[in-house]
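The numbers here are math on the coordinates, done by the rules we state, and not lab data. As the structure is a prediction and not an experimental result, all values here were calculated from the model. Because the Cβ atoms are built from the backbone with ideal geometry, glycine has one as well, and the counts that use them run over all protein chains shown.
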There are 2 protein chains.
Amino acid sequence: MVTMADVAKRAGVTKQTVSNVVRGRTVVSAGTRAKVEAAIDELGYTPNLVARGLSTGTTMTVGFVVPTVANPFYSAVVEEVEALLETRGYHLLLATTRGDGARARRQLASLSSRSVDALLVAGDFDLSECPPAPEGHGPPLVLCAWEIDPPRTLPVVTIDFERAGYLAGRHLRELGHRRVTVVADLPAHRVRVAGLRRALAEDGVSVPDEWVFAAPGATPESGYEAASRALRDRAERPARDRTTAVFSSTDATALGVMEAVRHHGLRVPEDISVIGVDDIPQAAHAHPPLTTVALPKRRMAREATELLWRAIAEGRPTAPSLTLLDPEVLARASSGPAAAAG
Amino acid sequence: MVTMADVAKRAGVTKQTVSNVVRGRTVVSAGTRAKVEAAIDELGYTPNLVARGLSTGTTMTVGFVVPTVANPFYSAVVEEVEALLETRGYHLLLATTRGDGARARRQLASLSSRSVDALLVAGDFDLSECPPAPEGHGPPLVLCAWEIDPPRTLPVVTIDFERAGYLAGRHLRELGHRRVTVVADLPAHRVRVAGLRRALAEDGVSVPDEWVFAAPGATPESGYEAASRALRDRAERPARDRTTAVFSSTDATALGVMEAVRHHGLRVPEDISVIGVDDIPQAAHAHPPLTTVALPKRRMAREATELLWRAIAEGRPTAPSLTLLDPEVLARASSGPAAAAG
DNA sequence: ATGAAAGCGCTAACAT
DNA sequence: ATGTTAGCGCTTTCAT
């Protein structure tokens, strides 16, 4: 490996001068600068960022702990954050927790000691159980996508997930639905379900617990499976008690739900309306196009990155704050008026 | 920040002994080990990995350069690689190129100087144009998902993309299709199209260039748009010259293609068969379920990570190699026999 | 404007 | 089994 000392010797100067040239300081005369740059080229020198990091205490690296990137929601956030970091020459150290609390804590600890300049943590149910403490040592922490009980001790940028459920409920209510089945990744998405219930309650409608079906993992498969169980139940009920709409806590499960509805010989939305959450790219191109509550994930990524910059600039203790971004209903063809009762 | 020296003083030993304890060396007596561990706990000491990295020349970090994580293909690969790295305590430094050649080269250079222990690069068209050289300095390099002209100078694990196209062509041929339209993200996926053509040519069938439609970006939107153009063309031709099948170079575009077909009042697969490539999670739950050529991406990730371990163990110069993984047709409902001519 | 010296926190190679 | 001495490659004083 060619070091700064090699370049210095070659150019007939000291390490310090080379350092000044490399970092674009203006204190170097044009002549020496040229000599040094020539030496750098000839030797193929690149600065060792680890050594610089040890010296300056800054690594130009941000850690990001995220449940998974196989989920379109998080992959969009990662993509956006990475792009933003790159504009300032920062790098992204990515760790996934995969819904495993122990793993999550391990990742957090090991990223902290890796001297990242800041740490961004995306919400995970398992992590919500034990929110990372704003310890004195360790890099500044920013939280995002925090669905359950955002801690008031840290800066957090998240989406109003309760409102996402609420807006879905309001949309269904406005279409006249009064018997709504829920397919949700529980307990992770319990807040979305609570929002849905709040909206329906405003109309005196309640969702019995037996109409709530668990779809773990937020995949079309699990949505299909949960909806199949729901539809078997439904078929056994008298016509006037039958579900006219399904609220799915993610778009991914909603796609599976729609397939299950069709396989049961029912039509979307004539027999059953379906509404999802997130607005993944496939939602608009599903069959029929999926009504959904869009989550402003890229905006969330941008605001979280802003907090990251602030945290890095300020140094250690980051002031607590809570930014709650508003979701928005995208009415498409998978939802329609409730069929006349009976 | 509490350092090793602090712990040493507190425990009444030297840094070296603390170091031995921290790294689980067996040369420490039970008594001193206990004292040191107590001091570590009291002080809340965590080792500084940057300093260790400078000292050992190893950072326990692997860089991964990938076109994007917003695409399910790459996000699955990233997920798998990250999980594998984590089992050995390694971290993932992620960089995305987003189809931008200049950006790709920048990312490569900056990751190299960050002293990652190894560098994995996923294929990108822009990078294919100038394959990264196996330079003497810089970390060992492994390539994966290399679609165009894998360099013979480096270890590379990729998928036989030409064969993916070929298998799609053979599937359509066996169903009796002779007039096939292509929707592809060109030029990135030109190899897939070449494979398709080779299969059809075995049956004396050729695909005219006017039947090849560009769908940049591999999104349902671009697939929809490309297919709409294709279908307008098709409608102007006499019935006996009309396309009976569409080969889409990705599943994402294929979803858009199917939607466009329906919007033109045609049925999948009765009027037009559709086949995609990749087997993304949504493919099985599309309407109708999408026939596709599955790409063994997780297996690719595993084999690439194996090469990474080998490269890290061996040290600098990695022996060139080429592993080509076989794709596989998943026949589902979106493809069927060609409608009788006329 | 450039040089010399010290040190970031750790590990490695000896010495004891 | 533990202590001592040198660095790793860079940045930061402080001289000149």
Could you list, in sequence order, the residues of the stretch A:284-333 that are more than 25 Å from A:Val121 (Cβ to Cβ) and either in a loop (DSSP other than H, G, I, E, B) or free of Cβ contacts under 8 Å to residues at least 24 places away in the same chain (or both)?
A:His285, A:Ala286, A:His287, A:Pro288, A:Pro289, A:Leu290, A:Ala331, A:Arg332, A:Ala333
Do we find a residue being exposed (fewer than 15 other Cβ atoms within 10 Å of the Cβ) and more than 14 Å from chain A (Cβ to nearest Cβ) anywhere in the stretch B:270-287?
yes
Among the candidates A:Ala304, A:Ala319, A:Ala313, A:Ala331, residue that is within 22 Å of A:Leu167 (Cβ to Cβ) and hydrophobic (A, V, I, L, M, F, W, C):
A:Ala331
Across the stretch B:39-52, which residue is farthest from A:Val116 (Cα to Cα) among those that are more than 8 Å from DNA strand C (Cβ to nearest atom) and small (Gly, Ala, Ser)?
B:Ala39
Count, please, the residues in the stretch B:210-221 that happen to be touching a helix residue (DSSP H, G or I) at 6+ places or on another chain (Cβ under 8 Å) and either charged (D, E, K, R) or within 11 Å of chain A (Cβ to nearest Cβ) (or both).
5
Checking A:Ser249 against (1) crowded, with 17+ Cβ neighbours inside 10 Å; (2) over 28 Å from the mean Cα position of the chain (by Cα), the condition it does not meet:
(2)
Run down B:Ala34, B:Ala76 and say which single residue is within 16 Å of DNA strand D (Cβ to nearest atom) and either under 30 Å from B:Ala252 (Cα atoms) or of a type outside the set (S, T, N, Q) (or both).
B:Ala34
With the requirement that a residue be in contact (Cβ under 8 Å) with a residue 60 or more places away in the chain, surrounded by fewer than 24 Cβ atoms within 10 Å (Cβ to Cβ) and more than 18 Å from A:Thr244 (Cβ to Cβ), what does the stretch A:164-184 give you?
A:Leu167
Please count how many residues of the stretch B:16-30 are within 11 Å of DNA strand D (Cβ to nearest atom) and free of Cβ contacts under 8 Å to residues at least 12 places away in the same chain.
8
Return only the number of the condition from (1) more than 20 Å from the chain's Cα centre (by Cα); (2) closer than 22 Å to B:Ala260 by Cβ; (3) in a helix (DSSP H, G or I) that B:Arg197 does not satisfy.
(2)
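Listed here are the residues, each with its yes/no results for (1) in contact (Cβ under 8 Å) with a residue 12 or more places away in the chain; (2) under 21 Å from A:Leu330 (Cα atoms); (3) in contact with a Phe, Trp or Tyr (Cβ under 8 Å, 6 or more places away or on another chain).
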site: A:Leu186; (1), (2), (3): yes, no, no
site: A:His189; (1), (2), (3): yes, yes, yes
site: A:Arg197; (1), (2), (3): yes, yes, no
site: A:Tyr224; (1), (2), (3): yes, no, no
site: A:Thr244; (1), (2), (3): yes, yes, no
site: A:Ser249; (1), (2), (3): yes, yes, no
site: A:Val257; (1), (2), (3): yes, yes, yes
Checking the condition more than 11 Å from DNA strand C (Cβ to nearest atom) and touching a residue at least 40 places away in the same chain (Cβ under 8 Å), which residue from B:Val13, B:Val81, B:Val36, B:Val69 passes?
B:Val81
Testing B:Gly44 on (1) within 16 Å of DNA strand D (Cβ to nearest atom); (2) over 30 Å from B:Ala122 (Cα atoms); (3) not β-branched (Val, Ile, Thr), one condition comes back false. Which one is that?
(1)
Is it the case, given these coordinates, that B:Thr59 is touching a residue at least 40 places away in the same chain (Cβ under 8 Å) and within 16 Å of DNA strand C (Cβ to nearest atom)?
yes
With the checklist (1) small (Gly, Ala, Ser); (2) at the interface with another protein chain (Cβ under 9 Å from one of its Cβ atoms); (3) surrounded by fewer than 19 Cβ atoms within 10 Å (Cβ to Cβ); (4) in contact with a helix residue (DSSP H, G or I) (Cβ under 7 Å, 6 or more places away or on another chain) in hand, flag the one item B:Ser115 doesn't pass.
(3)
Could you list, in sequence order, the residues of the stretch B:39-56 that are among the charged types (D, E, K, R) and in contact (Cβ under 8 Å) with a residue 12 or more places away in the chain?
B:Glu42
With B:Val207, B:Val268, B:Val274 as the choices, which residue is among the hydrophobic types (A, V, I, L, M, F, W, C), in a loop (DSSP other than H, G, I, E, B) and touching a residue at least 60 places away in the same chain (Cβ under 8 Å)?
B:Val268
Selected residue (criterion: farthest from the other protein chains (Cβ to nearest Cβ)) from residues of the stretch A:1-15 that are more than 7 Å from DNA strand D (Cβ to nearest atom) and in a loop (DSSP other than H, G, I, E, B):
A:Gly12
Return yes when B:Arg23 is under 23 Å from B:Ile312 (Cα atoms), of a type outside the set (Val, Ile, Thr) and within 9 Å of DNA strand C (Cβ to nearest atom) and no when it is not.
yes
